[in-house]
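Below is one structure, written out as structure tokens; the observations come after it.
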Amino acid sequence: MKTTIYKNLEVQYNKLFRHLKVGSFKTRERYGKAFKRFMVFLAREYRLQKLSNISEKHILSYVSYMQNKGLSASTIKTELAAIRFFHDNMPYTRCELPSNEDLQLKKRTFGGVDRTWTTPEFNHMLIAAIDNKDYQAILCLARYAGLRLEECFRIDTNDAKNALDTGKLLVKGKGGLWRYVPINESIRITFRDMLKITPIGEKLFVRPYDKTHLAMKRLQCFIAYHRKRFTENTITFHGLRHTFAHEQYNKFIEQGYSDFVARKKVSELLGHHRDDVTRIYLSGGDDV
């Protein structure tokens with residue numbers, strides 16, 4: 001139930017939103033949902049009357065609140081970007097908001113080292129693999145479907161064909177647990193290309209003369225060798241699964257799901273169905 005204080009903030013927000021001319025409509029909508037979450041916090045914790053009075057203490061408190069909820073540094077940065085977007089476009093404000101550097105929001109967070117890849121890091125690795133379509137395909141499967149390394153190398157022509165027919169890939173994960181993962185257009189293109197060159201019944205990324213564990217090791221070595229050319233971060237293949245988890249969580253939050261439901265949906269996509277493990281992924285903890 002909306003409080004009177006929140007409704008007052010909402011009136012101010014709606015007026016501001018109507019007059020916004022910067023950014024795409026999609027950006028304004030996405031940031032708007034994040035800013036409204038901040039407004040709920042302001043109304044509940046501070047009984048704030050005017051959005052123009054948002055100050056550093058509110059930001060610091062909100063960051064602490066989000067960290068205690070288990071949100072990752074990258075997710076918190078996205079929420080703060082939304083707050084700054086609207087704050088910068090207010091006709092009048094009393095205070096300047098602190099930057100991420102001021103807040104010391106770095107890649108290290110309470111759950112450990114944030115293992116997610118940035119978009120430039122992912123694109124650079126794809127370029128490094130320009131002459132190896134298998135590696136490009138496997139990177140996309142981890143990035144856009146959240147597959148583990150061994151799950152990628154387990155895919156055969158039947159799996160790929162069924163995924164193209166149904167729009168979702170049936171994956172056998174750890175402990176023999178099965179799950180369905182939706183596939184996007186990048187993965188569709190990958191599967192179509194691989195089906196053209198892979199004999200029926202064979203694995204897509206393991207040649208008949210090769211050993212699966214050796215093929216997996218070569219890809220890991222490839223990433224370790226090339227990453228130092230464009231990033232100081234020790235990105236790993238498994239970090240793409242973390243990236244997938246972060247983006248799916250943010251998508252569910254933007255769609256209006258609660259934090260708990262969003263985490264539950266992410267856990268189902270990851271294939272472990274455990275909230276504690278999902279929190280590790282979203283907080284940047286150890287590989288699971």
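Computed from the coordinates by the stated procedures, all read-outs in this text should not be read as laboratory data. All of these numbers come straight from a predicted model, not from anything done at the bench. So basically every Cβ, Gly included, is an ideal-geometry build from the backbone, and we count neighbours across all protein chains shown.
Structure values in brief
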item: Loop chymotrypsin sites (Phe, Trp or Tyr not before Pro), segment 179-288 (other Cβ atoms within 10 Å of the site Cβ: 13 or fewer; DSSP); result: Y209
item: Farthest toward positive dipole pole in segment 56-189 [+1 Lys/Arg, -1 Asp/Glu at C-beta], among N89, G175, T116; result: G175
item: Label point distance in nm, K196-Y257, each placed 7 Å from Cα along Cα→Cβ; result: 3.5 nm
item: Contact order relative to length of segment 110-288, as percent, for alpha carbon pairs under 8 angstrom and 6 or more apart; result: 33 percent
item: Restraint check, K33/K228; K161/K211; K211/K265, Cα-Cα greater than 31 Å; result: K33/K228; K211/K265
item: Charge sum, other residues only, whose C-beta stays under 13 Å from H87's C-beta, Lys/Arg counted +1 and Asp/Glu -1; result: -1
item: Pairwise FRET efficiency - L177 versus Y65, Cβ, R0 = 25 Å, nearest 0.05; result: 0.15
item: GluC sites (Glu not before Pro) within segment 204-288, DSSP loop, no more than 16 other Cβ atoms inside 10 Å; result: E232
item: Two-decimal Rg to Rh for segment 215-276 - Kirkwood Rh, Cα set; result: 1.13
item: 222 nm mean residue ellipticity, helices alone, for the chain (DSSP H n ≥ 4; -39,500 (n - 2.57); rounded to 500); result: -19000 deg cm²/dmol
item: Extension gain (nm, one decimal) between E101 and R47, 0.36 nm per residue minus Cα-Cα; result: 16.7 nm
item: Share of Cα-Cα pairs in segment 110-288 lying beyond 19 Å, as whole percent; result: 57 percent
item: Extension gain (nm, one decimal) between N8 and I130, 0.36 nm per residue minus Cα-Cα; result: 38.5 nm
item: Of G167, G239, G23, the one that fluctuates the most in a GNM where the chain has Cα springs shorter than 10 Å; result: G23
item: Cα gyration tensor of segment 4-106 - equivalent ellipsoid semi-axes, whole Å, descending; result: 20, 16, 13
item: Farthest toward positive dipole pole in the chain [+1 Lys/Arg, -1 Asp/Glu at C-beta], among S24, L48, G239; result: L48
item: Fluctuation leader among R44, R241, R84 - the chain, Gaussian network, Cα springs under 10 angstrom; result: R44
item: Interchain or long-range residues, amide H under 5 Å from L169's placed H; result: V181, I183
item: Cα convex hull of segment 57-215 - mean projected area over all directions, nm²; result: 13.3 nm²
